[in-house]
1. Restricting to the range 1-42, and then to whatever is part of a strand (DSSP E or B) and in contact (Cβ under 8 Å) with a residue 24 or more places away in the chain, can you tell me which residue is farthest from Gly99 (Cα to Cα)?
2. I'd like to verify a number: residues in the range 111-129 that are over 28 Å from Arg61 (Cβ atoms), outside any strand (DSSP E or B) and of a type outside the set (Ser, Thr, Tyr), how many?
3. Name the single residue that is surrounded by the fewest Cβ atoms within 10 Å (Cβ to Cβ) among those in the range 54-75 being of a type outside the set (Gly, Ala, Ser) and assigned to a strand (DSSP E or B).
4. From the list Leu264, Leu276, which one is touching a Lys or Arg at 6+ places or on another chain (Cβ under 9 Å) and farther than 21 Å from Arg139 by Cα?
5. Considering only residues of the range 269-325 that are basic (Lys, Arg) and closer than 26 Å to Leu34 by Cβ, which is surrounded by the fewest Cβ atoms within 10 Å (Cβ to Cβ)?
6. Tell me which strands (runs of 3 or more DSSP E) are completely within the range 155-216 and hold 2 or more residues being modelled with pLDDT of 95 or more, in the same structural domain as Pro301 (by TED's automatic domain parsing) and surrounded by 14 or more Cβ atoms within 10 Å (Cβ to Cβ), or say none if there are none.
7. Restricted to the range 279-328, and to residues that are modelled with pLDDT of 95 or more and among the small types (Gly, Ala, Ser), which residue is nearest to Pro167 (Cα to Cα)?
8. Pairs needed: first member in the range 194-219, free of Cβ contacts under 8 Å to residues at least 24 places away in the same chain and within 18 Å of Glu76 (Cβ to Cβ); second member anywhere, surrounded by fewer than 18 Cβ atoms within 10 Å (Cβ to Cβ) and of a type in the set (Phe, Trp, Tyr); C-beta distance under 9 Å; at least 6 residues apart or different chains.
Amino acid sequence: MSDSHHPYEALTPDMVIDCVESVGLWSDARIFPLNSYENRVYQVGIEGAEPLIAKFYRPGRWTDAQILEEHAFTRELVEAEIPVVGPLAFHGKTLMEHGGFRFAVFPRRGGRQLELDNFDHLEQVGTMLGRIHAVGASRPFEHRPALTLQHFAIDSREFILSGDFLPRENRLAYESVTADIIDRVAPLFEQPWRQLRLHGDCHAGNFLWRDETPWFVDLDDCLTGPAIQDIWMLISGSRAEQTAYLDAVIEGYETFSPFDPRELQLVEPLRCLRQLHHAAWLARRWQDPAFPLAFPWFNTPRYWAEHILALREQQAALQEPPLTLGAV
């Protein structure tokens, strides 16, 4: 395969079916792609049974040990009766390989989107996060990555600056604002925060609201870090709104896990890291044909101007006092 081709080009519908059938299932040949860019995910019809979800891991991203550790953590959560969608095992294995692709198969779970402005929903999510973190605190990851300033901010910045992404007129502004942000947040990431096994990517798209319960999906980004990493993406809006949402989450959370309010200092720094990392993620994946189709606005002069403006707004937010717990 030439350098101009992407490995996922070989993941044809026939290959998807061949992979699923290689574990002993019999597909009815109905496949439906689901929204996923880092990996490829399909709903696959099964003869005489409910459809299943097949997830094909991006070649070269994770080692087998890292994927298996994700699966093991998910199984721990399932065994603790936490509503997490975990991989199915075939002949004792959850990670399979066929046709050059590593993949896992999951049960299909339906549900509606989590309502992040619903205080009952947020409290229940907090309760489940507390339970997840209680399990996550029981032992460390050995192979999964950690949430570090180096990986999420410094490496992301260097990747953008080393490539042909930034328009000339935006380069100095990007260099300046990102250097200042990294300098400002670095002391916080040098502090010895309590480290847990985390979901790692707790945004609304990784929840399903089903049977009056929030189901957690997609632990592909599970990592080691402070508890606040799994909380801050659930809160948004004005400062008053963020405080109210935070109180709802923590009220449920502390039913099962203690929360260190000092970690609230990390909310805006973590928002900065996510912005830096997301831009670099798009840039790193730009050779994947799915990305220009899904993100046509990326790598345009307007995108970089708006990205720099958003970073400047975060630069200002870093100077504001951290959130505090209110009614909890």
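1. Ranking the candidates gives Tyr42 first.
2. 11
3. Restricting to residues being of a type outside the set (Gly, Ala, Ser) and assigned to a strand (DSSP E or B), the top hit is Lys55.
4. Result: Leu276 is the single residue among Leu264, Leu276 that is touching a Lys or Arg at 6+ places or on another chain (Cβ under 9 Å) and farther than 21 Å from Arg139 by Cα.
5. Arg284
6. Qualifying strands (runs of 3 or more DSSP E): 196-198.
7. Going through the qualifying residues, I end up with Ala305.
8. Pairs that qualify, where the first residue is free of Cβ contacts under 8 Å to residues at least 24 places away in the same chain and within 18 Å of Glu76 (Cβ to Cβ) and the partner is surrounded by fewer than 18 Cβ atoms within 10 Å (Cβ to Cβ) and of a type in the set (Phe, Trp, Tyr): there are none.
The values are calculated or read from the model by the stated rules, or taken from the named source; none is laboratory data. Computed from a prediction, not measured in an experiment: that's the story for all the values here. We place every Cβ from the backbone using ideal geometry, glycine too, and count neighbours over all the protein chains shown.
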